[in-house]
Each structure stands twice: as C-alpha cells, then as structure tokens.
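Below is one structure; the comments refer to it alone.
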Amino acid sequence: MTSVSSSILTALGAGSGIDTSSLVSSLVSAAKEPKQTAITSRQTLNSARVSALASASSSLDSFADALNSLLAGTGYSGTPASNDASIASVSALPGGTPTGLPAQIVVNQLASARTLASTPVSGATAATAVGEGQLTLTVGGQSATITIDSTSNSYTGLAAAINNAGLGVTASVITDTQGTRLVMKGPTGAANDFSLTSISGVDLAKFAWSGTDSATMASAGQPKDAIILLDGVEQHYAGNTIDGAIPYLRIDLNKAAPGTSVTLATTEPTTSMRDLMVEFVDAYNTLMKALNTATSTGTDSSNAGVLNGESSIRDMKRQLSQMMSTPLTATGTYKTLNDLGISTNRDGTIALDTKVLDKAIAADPAAITQMLNPSVKTAANIGLAGLMDGVRDNIQKDGGPLATSQGKYKALADDLGRQLEKLDTQMTDYQAQLTKVYSAMETRLSALKATQSYLEQQVALWTKSND
C-alpha cells in the first residue's frame, strides 16, 4: 500500500498512461508566465527610473560640489599679496576666501623669546657631568621638575630633560673655542617667560636662573609680543605668524618697521574668471545633455528616454535654465550670467559669447570677480556657487517634485514586489488544486480501466464458451 505521505504527483499517471505531472506544470506555467512577465517588465522599467532619478540627483550634486570647490581655491578668488614681503608676507589659509582686503599693516615690533646661556666651561664636552639633583622649569605659569641622576648626568642629559619637559623651552649644548655651555630658548611672547630654579644639588644649581643674571647664567634676550597696527588698530600677538587677524589669511611678520605701512591685498584673477565661465558652460552642458537623453521622446516607446514625460526632471531643467537670468548681485552694470554673454539654446544647453565676456572683464574686473565669487556672500550678492547651492537645495528639498517622484517609484517597487509574492502564492494554490483534480481523475480512470479489463475477460470467456 502506498504511504499517505508519498507525493501525489509521483503517483499520477500510474494507471492512466497520461503524464499528469507535466500537464499540471504546463497549465500552471501557462497561467503564471504572462502575469509574471508583465510584473517583471514593470519592475525593470521602474528600477531604471529609480536609477535614472538617483543619477540625475547625483550629477547635480557633483556639479554643485565641483563648482564650490573650484571657487574656494585662490585661482578664482585672487591670490593674497603684500607690497613689501620683507616686512610682512601673506598666504591663503584653507577653508575660505580672505575677507577685509585690502588692508594696511604696520609692524612696530616682532615677537621675541627669552634666551639663556650658561658660562662656557673650557675643556668640557657634551658628555661632561653637570651634577645630580633637581631643578624646576617654569614657563608662563606652568612648571615641570627636571631630574638629573647618574644616567643623565651630563650637558647632553640636562638638555634632553629640559626638552622632554614639554613646556616649549628648547635646550641645546654648544661647544666652541670658548668651551661648552647650555643654551635655552623659550617660546615667543611676553606671557611666555621662563625660569629655572634649584631644588637640590649644589653643582646643578649653577644652571638656575630666576630673572637675574649670575656668574654662571646670563640672559641674551627677553620675551616680547609682536605689535602691529592693522588698519589703524593696535594688536598684540605672541608669535610672528598670525592666523586670526584676517579670516583665511596667514600673515608672517618678517621685520619690524615702525612708521612703514604695508598693503595687504588680493590680486584680481581676470584670466581665471574667463576660464571659470568656460568651465561652467562645459559642465552645465554635460549635465543638461544627460537630462535631455534621459527625457528624450525617441521615435517610439522602444527607444524613448527612461524618464520621458517625468515632470520632476522637467522641473529640474527649468530651474537650471533660470540660473542664467537670476541676479547674482544687486548693483553694477553686470548682474546676471546673461550679462556676461551666456545664452540658452533651444535644447536647454547654454552658449558663451567670449567677446561679450572679455569686454565685461576688461571694463570692470573687480566687479566681475565680486559678482561671480564675492569675498563676503550676502542675500543680494550670492555669487555663482551660492546660486548653484540654492538651485540644488530647491530641487532636492523634501516634498519637491524630485523627492515626490523618487517616493512614487519606491512605493511602486514595493507594490510590484508584493504582486510577485501574491502571484507565487496564487500559483502554488492553483497547482495544488490542479493536482487534486487530476489525482481524482486518475483514481476514476484507474477504476474504469479495471472495469474495462474485467469486462474484456468476461467477453473473452463468453466468446470461448460459444465456440
């Protein structure tokens, strides 16, 4: 007897001679494949649209980020310069464009440091013992204990211990024709004076210094602040490299020159502004051509762009095209990109009339620079990067056409996935139903065949008995 748990499909066809298992599979496939193909085709198209929208958004980001990075460089904002670098030289700091230029600086005093030197000892070397004991090194209110023992008892050991204290005092051992001595130099700035006081050790005590020269230690200089006048305002700094006086500008003080005014300014990048416009047009057209390809109607649906008819991309192209006529500044002869020779073609790409641009740059290079890349961005003077950022933010904002389309296609992808799952469930149920029907049919056929066989036997017997 066949086990109840054995596969019904395995038993089908056993008595009827019909391959009912293959028949059931064919019927299920015939019912499933057209529906599955329709759903998967929609999935493929939907995935392509999701990918195309993401690519369009990413391309917009790349365009805006590249423009911001480009304009952040000194090549498009001018190079900081000094008219007397022997007194004060300048360089740009990363992260932004120097503001507040041109400026006038007068260097009244350079920052300096305390320098101490011990009395030269004739015949001594760097390895000569200095005595064991302890000293206290104090710099600007911070202290550290300098310990000299049998392992560090030498000029070299004492210098190393001072350097390792981490208070900014640099010690070295000098040997010349006068002998060997210890030289120490502290940090620059009036608040960074230092002293070395004795705790223990008679021999080591000769290196102590607390503000008064002695027979064994002498000061060769004292700490002072750098004093400058920047646009008439006196400012004091502990060092001769100043990063905080003018945003994004480093000022190196090289020489004190009281009464001499040095001009710090930015050179006007007239050639770079022309190059910027050429690069902007090329990058813009690359983006617009990609959007045109994605939304092309084609000759028919088979070769139309994957985003043909997509309203969010039409909106993106519209907002991008409006950049050409949007004011970048509220004043002056030149306010928009159209004023600089940029026009819009029928397909949405743009063209640059370099003659118009060159004429504008020649007429007012400073105005063109401030229009395209203002040193200080305001609501009325947003600059090219600010305009691009505003367009990008508006295109990608929550609830905008692009976000709405992306949400719509994501929801459709989820729905199509659920439809496939539902179809699989339906087809599994359909297969079970067909299997049940054909199993019953097989049982009936088997019974009929058994009846047929019995009747044939009886007929044969009857026929034989008549003979």
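Remarks
- One residue stands out among those in the stretch 167-198 that are assigned to a loop (DSSP other than H, G, I, E, B) and among the aliphatic types (A, V, I, L, M): the one that is surrounded by the fewest Cβ atoms within 10 Å (Cβ to Cβ), which is Leu167.
- Some residue of the stretch 418-430 being open to solvent by less than 70 Å² (accessible area, probe 1.4 Å), closer than 30 Å to Ile313 by Cα and of a type outside the set (Val, Ile, Thr): yes
- In the stretch 272-319, the residues that are without any contact (Cβ under 8 Å) to a residue 60 or more places away in the chain and basic (Lys, Arg): Arg314, Lys317, Arg318
- Those residues of the stretch 246-269 which are open to solvent by less than 50 Å² (accessible area, probe 1.4 Å) and under 26 Å from Asn68 (Cα atoms), in sequence order: Ile246, Leu249, Ile251, Leu264, Ala265, Thr266, Pro269
- Which listed residue is touching a Pro at 6+ places or on another chain (Cβ under 7 Å), surrounded by 13 or more Cβ atoms within 10 Å (Cβ to Cβ) and either within 19 Å of Leu60 (Cα to Cα) or modelled with pLDDT under 90 (or both), from Ser312, Ser272: Ser312
- Picking from residues in the stretch 325-342 that are of a type in the set (A, V, I, L, M) and open to solvent by less than 50 Å² (accessible area, probe 1.4 Å), the one that is nearest to Met371 (Cα to Cα) is Leu328.
- Against the list (1) open to solvent by 60 Å² or more (accessible area, probe 1.4 Å); (2) in contact with a Ser or Thr (Cβ under 8 Å, 6 or more places away or on another chain); (3) modelled with pLDDT of 95 or more; (4) outside any loop (DSSP other than H, G, I, E, B), the condition Ala220 fails is (3).
- For the stretch 233-253, the tally of residues that are aromatic (Phe, Trp, Tyr), modelled with pLDDT of 95 or more and outside any strand (DSSP E or B) stands at 0.
- Of all residues in the stretch 367-377, none are farther than 25 Å from Thr266 by Cα, free of Cβ contacts under 8 Å to residues at least 60 places away in the same chain and surrounded by fewer than 16 Cβ atoms within 10 Å (Cβ to Cβ).
- Counted residues, the stretch 308-324 - those being over 27 Å from Lys335 (Cα atoms) and out of contact with any Leu (no Cβ under 7 Å at 6 or more places or on another chain): 4
The values are calculated or read from the model by the stated rules, or taken from the named source; none is laboratory data. Everything quoted here is computed from the prediction, not taken from an experiment. Glycine gets a Cβ as well: all are built from the backbone with ideal geometry, and neighbour counts include every protein chain shown. Protein only, heavy atoms only, side chains kept; ligands, DNA and RNA dropped before computing areas. Shrake-Rupley method; radii C 1.70, N 1.55, O 1.52, S 1.80 Å.
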